[in-house]
Structure formats: C-alpha cells, structure tokens
Amino acid sequence: MGMLDEILTHNAEYVATRQYEALQTDKFPDKGLAVLACMDARLVELLPQALGIRNGDAKLIKNAGALVTAPWGSVMRSLLVAVYALRAEEICVIAHYDCGMSAIDPSEILAQARQRGISDDVIRTLRVSGIDLDGFLKGFANVEESVRNTCTLVRQHPLLPRDVPVHGLIIDPSTGRLDTIVNGYTVMAAENATEASPQ
Ligand SMILES: [Zn+2]
C-alpha cells in the first residue's frame, strides 16, 4: 500500500470516529504567538509539547532551518499575515541543534540531482541565466548566528509593527530543552532606549 492510501485509510477512520472533536478551535492563535521552526521530523510532536503549545495556540510556520532567506518571500509574508490578519502578538524563531541545514553542501545536492535525472544542461542553463544555485541551496555554518540573523531580519522588516517582539531560541531535538539566543523584550527595550536618548 502506498503512503497516500495509508493516509486516506487512516483519515476515513479518523473522521468517522470523530477524533477531531478534541482538537476543535478557531483560526486565531489563543497564545497570540507565531512560531517559525525547522521542519525536522524530530520536532513534529516534541516542539509543541516542549513549548506548551496545543492545537489553536499558535501559528506554526516551518521550513528547512527555520530560516527567512528573503525579506519579500513567503515566510516573511506568513509572519506578517499572522501579525496583521490573525492577531499574533509575538514571534518565536526556533532552530535546533544537529540541524541538517548546518551540514548541507550545495555541490552534494546538485550531484544528487544529477543522479536523479536532472541533466547537466539544466544546471548549466540555470547558472547562465543568473540563478545562484549555491546561494539558493546553502544552509548555515553556525546555528546561533543563523537564529540571530533571522531574528534581526524579521525584527527590522519595514512592515513589522514596532511592538512585536521577536525571540530566537534553539531547541534540543532529543530533550526539548530550549536555549534563549535572542530575548525579544530585551531587544525592544534596547531599541526604545536608543530612540529615546538625545542625539
Ligand atoms: Zn533542522
């Protein structure tokens, strides 16, 4: 049985036995929280449990590495929509130790793409047309630095309201322990102090 069949079989049973009733809520996050986290499979249940987040508590955005790579890309748009349309009041960026994006090698990915039937011609054409494939596929060397950079990018986005703190955390993918890398309240207080000080 293929994965889709397996999912659909489970789904029919799930709906028929009304298991969804325990999870019913609305689209507004009860904790006023938007979370950008890594897509790592170890975090599927661990992340919400370790944060004390239940269904309906937060907007959860996931990608490889918990990264915002472009100020005008879909992740930043999701965070802005969470704030403006869905009442998120605080943002947490949550990366994790032992992240696949810290070891990713663009040339290795491209070698695998070739093995999977993507021709050299296609790769050459992309490069010639100005697509920075290595930049596109690269991860980060240091997870702390990556979280700091992402928090700064989000916090300094021209469309993010000034009263939204952006916290940066790293989660241990086996124990769920959180390390605070960026305390969004401290950052906001420091910004306010700088703005208030006479020139
Ligand atoms: Zn990861």
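Before moving on, here are some points about what is shown:
- A Cβ-based charge dipole, computed about the Cα centre of the chain with Lys and Arg at +1 and Asp and Glu at -1, lands at about 360 debye.
- Area projected by the alpha carbon convex hull of region 115-163, averaged over all directions, nm²: 5.9
- In terms of packing, defined here as the mean over residues of other Cβ atoms within 10 angstrom, the peptides 51-58, 6-13 line up highest first as 51-58, 6-13.
- Using distinct alpha-carbon pairs, which all enter the 1/r mean, Kirkwood radius of the chain in Å: 19.2
- Normalised per residue, the accessible area of region 26-91 is 53 Å², obtained with a 1.4 Å probe and no contribution from ligands, DNA or RNA.
- 10 Å beta-carbon shell around GLY32, net charge (K/R +1, D/E -1): -1
- Partner lysines whose Cα lies under 24 Å from the Cα of LYS59, excluding those fewer than 8 positions away in the same chain, are identified as LYS27, LYS31.
- Using the average count of surrounding beta-carbon atoms within 10 Å as a protection proxy, the listed peptides 165-175, 151-161 rank, highest first, as 165-175, 151-161.
- Set of lysines near LYS138 by C-alpha distance (under 22 Å), chain-local residues within fewer than 8 positions excluded: LYS62
The values are calculated or read from the model by the stated rules, or taken from the named source; none is laboratory data. These numbers were taken from a predicted model, which means no experiment stands behind them. So basically every Cβ, Gly included, is an ideal-geometry build from the backbone, and we count neighbours across all protein chains shown. We work out accessible area using only protein heavy atoms, side chains counted, and drop any ligands, DNA or RNA first. Shrake-Rupley method; radii C 1.70, N 1.55, O 1.52, S 1.80 Å.
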